[in-house]
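Written out below as structure tokens is the structure these notes cover.
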Amino acid sequence: GSMAVESSLRTERGYLVWVVQVIDPEKTLHRVIVDPSTGKILDDVAMNETLLADDLLADDFFGPTGLPTT
């Protein structure tokens with residue numbers, strides 16, 4: 001039920017990763033980090049913002065970010 005709304009291949013902390021913005025059925029925006037060589041999901045962070053209308057894009061809430069520190 002989730003839908004990818006944007007993706008980009010970029011370097012984060014010296015590693016090449018896919019950064020995918022996904023909207024779940026509850027209209028919560030997620031930032032998903034994917035290893036491009038294995039397809040393994042490295043991180044999935046639910047953003048604090050929830051989309052209020054179907055026609056809004058994730059870019060309205062999500063700017064360029066790095067990997068979270070853990």
Looking at segment 3-20 only, could you name the residues that are open to solvent by less than 30 Å² (accessible area, probe 1.4 Å) and of a type in the set (A, V, I, L, M, F, W, C)? 17, 19, 20
Are any of the residues in segment 18-37 in contact with an Asp or Glu (Cβ under 7 Å, 6 or more places away or on another chain), modelled with pLDDT under 90 and not hydroxyl-bearing (Ser, Thr, Tyr)? no
Candidate set from segment 21-44 (those that are acidic (Asp, Glu) and part of a strand (DSSP E or B)); member that is most open to solvent (accessible area, probe 1.4 Å): 44
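The values are calculated or read from the model by the stated rules, or taken from the named source; none is laboratory data. Please read these numbers as outputs of a predicted model, since none were measured by experiment. For neighbour counting, all protein chains shown are included, and Cβ atoms are generated from backbone atoms with ideal geometry for every residue, glycine included. Ligands, DNA and RNA are excluded from the accessible area calculation, which covers all protein heavy atoms including side chains. Shrake-Rupley method; radii C 1.70, N 1.55, O 1.52, S 1.80 Å.
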